[in-house]
Amino acid sequence: MSAAGQTLYLKIEQNCIVYKRSVTLQDIASVECTNVGIRRQVLQEQMYHFFGNEKSSFVQVFSVLYVIQKIHEKYPALEIENIGEPDFVIRYVPDPEKKSVQYVKTALVCVILFFGSAFTIMTFIEDVSVSKVFDALYTRVTGQMSDGVGALEICFCIGLAIGIMIFYNHIGTKKITDDPTPIQVAMRKYEQDVDTTYIETSSRKGKSMENTKNKGQQ
């Protein structure tokens, strides 16, 4: 099938989720071409295959140039125009969660947010004194005055440690999941801000390579 003179428009979102190991183009992209035959064939092209534990999830980063190269292996004369992201992530999930599991997770998050908000409001009222809040809760529930460290304080300390480890995605030197940690995300944003500042500062001062070259020619 000749692809000479044909243009394929390719759009891929930044984050793609797939539920099977063999990933085809139709799983991650939207394409448009006036030649319906080429469009159907391109959508069936295999892009990647995930290896490893069947019950584990995986994340892989790709460049759109990789996708264009795979398409050109079969259609070298096909002109491809990317209107999506230049780089994207494919996340393999073994099985989509059942609705019942999603409902349970949603309910659990709502319960945590409810008690967390209540605890935050109470500590704010007590001038951020956690010990006073615990004493007041203990007295109202048991009808007795607290005589020292109890179950509330112990659970608070354990929960605080677990929460910190989950939030920062680290237990010692090991990561809990493959997702970037909040520190990595913050550092990446910081690097982007630094690069942007360098570019804008150089442009305002006329010290970019383009400005330097133009001055030399004059």
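Every number in this text was worked out from the coordinates using simple rules, so none of it is lab data. Just so you know, these numbers come straight off a predicted model, no measurement behind them. Reconstructed Cβ throughout: ideal geometry from the backbone, glycine too, with neighbour counts over all protein chains shown.
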Protection-proxy order for peptides 156-164, 175-183, 83-91, each taking the mean of Cβ atoms within 10 Å per residue, highest first:
83-91, 175-183, 156-164
State which entries of 105/132; 55/175; 20/70; 105/174 exceed 23 angstrom in Cα-Cα distance in the structure shown.
105/132; 105/174
Please build a GNM for the chain, connecting alpha carbons under 10 Å apart, and tell me which residue among 106, 201, 123 fluctuates the most.
201
Might you report the magnitude of the Cβ-based charge dipole of the chain about its Cα centre, with Lys and Arg at +1 and Asp and Glu at -1, to the nearest 20 debye?
420 debye
Burial-style ranking of 69-82, 25-38, average other-beta-carbon count within 10 Å with highest first, yields 25-38, 69-82
Which Cα, out of 164, 136, 183, lies furthest along the positive dipole direction of the stretch 115-210 (beta carbon charges, K/R +1, D/E -1)?
183
In whole Å, what are the extents of the stretch 99-168 along the principal axes defined by its C-alpha atoms, from largest to smallest?
45, 26, 22
Rounded to 5, percent antiparallel among DSSP beta bridges of the chain
65 percent
Rg and Dmax of the chain over Cα atoms: what are they, in angstrom?
27.5, 88
To the nearest µm²/s, what D does Stokes-Einstein give for the stretch 46-112 at 10 °C and 1.306 mPa s, using the Kirkwood radius over alpha carbon pairs as Rh?
103 µm²/s
Given 0.36 nm per residue, what is the gain on full extension from residue 19 to residue 146 after removing their alpha carbon distance, in nm?
40.5 nm
P(r) tail fraction, the stretch 7-92 - alpha-carbon pairs more than 16 Å apart, %:
49 percent
